[in-house]
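Below is one structure, written out as structure tokens; comments come after it.
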Amino acid sequence: MTTQTGVESAEAGGARHRAPGRMSTGRLGDRIFAGSATGSGLIVLAIMAAIAVFLVWKAIPALQANEANFITSEEWNPNATPAEFGIAQLAFGTVMSSLLAMLLATPVAIGIALFIAFYSPRRLASGLGYIVDLLAAVPSIVYGLWGAVFLSKHMEGVSGFLNSTLGWIPFLGGDSPGKNSIFTAGVVLAIMILPIISSISREVFLQVPQAHVEASLALGATRWEMIRMSVLPYGQSGMIGASMLGLGRAMGETIAVAMVLTYVPGINIHLLEDGGATFASNIANSFAEASENGRGALIASGLVLFVITLLVNMAARAVVARRKEFV
Amino acid sequence: MAKRIEVSGLHAYYGGVHAIEDISMTVEPRSVTAFIGPSGCGKSTFLRTLNRMHEVIPGARVEGKVMLDAEDLYGSSIDPVAVRRVVGMVFQRPNPFPTMSIYDNVAAGLKLNGVRRKGQLDEIVEQSLQDANLWNEVKDRLGKPGAGLSGGQQQRLCIARAIAVQPQVLLMDEPCSALDPISTLAIEDLIGKLKSQYTIVIVTHNMQQAARVSDRTAFFNIAGTGQPGKLIEIDDTSKIFTNPEQKATEDYITGRFG
Ligand SMILES: Nc1ncnc2c1ncn2[C@@H]1O[C@H](COP(=O)(O)OP(=O)(O)O)[C@@H](O)[C@H]1O
Ligand SMILES: [Mg+2]
């Protein structure tokens, strides 16, 4: 991709300056530019391939030594002999906490973006936008500390309330709602991904062509009706993209989740109860003490996380592409 | 259905910039009034003050009076949203809702007005497309996106969308400037047909077009860059094009301008 663009623009540049005497110089410049662009493209690909090969190579011995099913087992004992480990619990924890984060964050983030773009006075708008962007730059360890030290304490009441009123929903059921749960992790993640979703959505909203906005206003739409008729349809792909990006971030988030969750073995669908682990939190928590085989197992789980993230992105693209006919 | 517009002492500003100065005129119901003048003289600005679209631009404001029959559009108790429901607008560049089908584009304004019944919607959508001379071309693909039509068809779709809500007045800002000659003729025919029902105001940079479609013509001018635009004269179209009162008008229509 990058390489091709480089070549094309180099050719376009050469064509514009095709003065007779300059011809050979222009050609040489073109060749150097095209060569270096192609070269750097190839280097990037080669580095990526090398990393992939290295990871797979490290993971294979651990997978061979594994006595349990790598996909369906809920255990994680790669350091024992015989080694028994599987990713089921990690996958469950990762998907649940990040989905929860996305569901909680997206509506709020879009609300903030709409407020900044269409409702707040202009001076306030730029200040608010700046603050939201700043929030995106806060290091995740800070969110982790805040989640572990402050939020989890206050989540006990919230979890208890949800459990007693909405306990009939399986995910919110269980006997002992706690504070170091996947739910708490989801809330921390939601706060972490809120700024990125909000800031991308706001960018998208600001790009809505004035012609679309005026089309609905001239028909007698109120501001909210204008947002529904002109802004949201135009921004739909962008909003899906933004929340998927948030989902991806939540899935890969390590330290904040590791600080919030208390590890309890096995899948527990009661998200309000203590316990749970994600791919990333598991790697962070167990890498230091892992044996050779344990590291291989963690690397294998990391590769699975990579594949899941890739699938999420492809799904997002498919959703966006299906709407193309109308955009 | 059509109403008379009476403008008096109207000024419009963009922030600190005085865009048009002290305009007064009367637009008769069931007639076509054309606005002509060099670009930048405030024709679009003035047109947009007639349905309170001017104030949509940040910092823009209006002083003066616009009476629609007995009602002052800038009265303190008037909701601009309600004004835009009775004074429709067609823009210079066709702007159908890109994510909506042809049908939904025409039905958009009706839905804003609370029309929900499928039968009634179907009927009005068909009638509006008929009135906009577009029905035969799109009746087999009403579910397809409006953005897939040609430029001329899109503009007629926008006209259908505007007339579907049965406005009192229809404002058009250079509706043909982005179109080919065939589509332009189609829209001019349409304007001739629509004037039996609506009060129509059309901005055009094309003087033949003004002469062809309008009953009355208003000529706007600016004294120089940075100066506010002014209404020079408004009269019957035949009079403006044969024997205008003002020298500036005559210079402009005979091409001896500037
Ligand atoms: N959105 C805007 N912001 C600031 N000034 C504007 C804007 N739109 C138009 N103007 C100014 O108002 C004056 C009249 O413009 P306009 O009404 O578009 O003229 P016309 O339609 O006759 O070409 C011009 O000087 C133009 O620069
Ligand atoms: Mg204009």
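The values are calculated or read from the model by the stated rules, or taken from the named source; none is laboratory data. In this text the structure is predicted, and so the values were computed from the model without any measurement. Reconstructed Cβ throughout: ideal geometry from the backbone, glycine too, with neighbour counts over all protein chains shown. These accessible areas exclude ligands, DNA and RNA; they are computed on the full protein's heavy atoms, side chains included. Shrake-Rupley method; radii C 1.70, N 1.55, O 1.52, S 1.80 Å.
Condition check: touching a residue at least 12 places away in the same chain (Cβ under 8 Å), hydrophobic (A, V, I, L, M, F, W, C) and more than 16 Å from ligand 2 (Cβ to nearest atom). Does B:V7 satisfy that?
So B:V7 fits the description; yes.
Here is a list of conditions, (1) crowded, with 18+ Cβ neighbours inside 10 Å; (2) more than 14 Å from chain A (Cβ to nearest Cβ); (3) farther than 14 Å from B:L231 by Cα, and B:A70 meets all of them except one; can you say which number that is?
(1)
What's the number of the condition B:Y198 fails, among (1) open to solvent by 10 Å² or more (accessible area, probe 1.4 Å); (2) within 14 Å of the chain's Cα centre (by Cα)?
Going through (1) open to solvent by 10 Å² or more (accessible area, probe 1.4 Å); (2) within 14 Å of the chain's Cα centre (by Cα) one by one, B:Y198 breaks only (1).
Each row is one residue, and each column tells you yes or no for (1) of a type outside the set (D, E, K, R); (2) away from chain B (no Cβ under 14 Å); (3) open to solvent by less than 30 Å² (accessible area, probe 1.4 Å).
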site: A:V187; (1), (2), (3): yes, yes, yes
site: A:M192; (1), (2), (3): yes, yes, no
site: A:S216; (1), (2), (3): yes, no, yes
site: A:W224; (1), (2), (3): yes, no, no
site: A:I227; (1), (2), (3): yes, no, yes
site: A:Q236; (1), (2), (3): yes, no, no
site: A:A258; (1), (2), (3): yes, yes, yes
site: A:L261; (1), (2), (3): yes, yes, yes
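Only residues that are in contact with a helix residue (DSSP H, G or I) (Cβ under 8 Å, 6 or more places away or on another chain) and either over 15 Å from A:L99 (Cβ atoms) or open to solvent by 10 Å² or more (accessible area, probe 1.4 Å) (or both): list them for segment A:172-181, please.
A:L172, A:G173, A:G174, A:P177, A:G178, A:K179, A:N180, listed by residue number.
Output the residues belonging to segment B:21-60 that are open to solvent by 40 Å² or more (accessible area, probe 1.4 Å), within 12 Å of ligand 1 (Cβ to nearest atom) and on the phi > 0 side of the Ramachandran plot.
Within segment B:21-60, B:G40, B:G59 qualify.
Take B:G143 and decide whether it is touching a Pro at 6+ places or on another chain (Cβ under 7 Å) and surrounded by fewer than 24 Cβ atoms within 10 Å (Cβ to Cβ).
Details: touching a Pro at 6+ places or on another chain (Cβ under 7 Å): no; surrounded by fewer than 24 Cβ atoms within 10 Å (Cβ to Cβ): yes.
For B:G143, the condition - touching a Pro at 6+ places or on another chain (Cβ under 7 Å) and surrounded by fewer than 24 Cβ atoms within 10 Å (Cβ to Cβ) - is not met.
What are the residues in segment B:217-228 that are in a strand (DSSP E or B) and farther than 14 Å from B:S24 by Cβ, if any?
Hits for segment B:217-228 are B:T217, B:F219, B:N221, B:I222.
Residue under question is B:S8, and the condition is that it be farther than 30 Å from A:S120 by Cα and among the polar types (S, T, N, Q); does it hold?
yes
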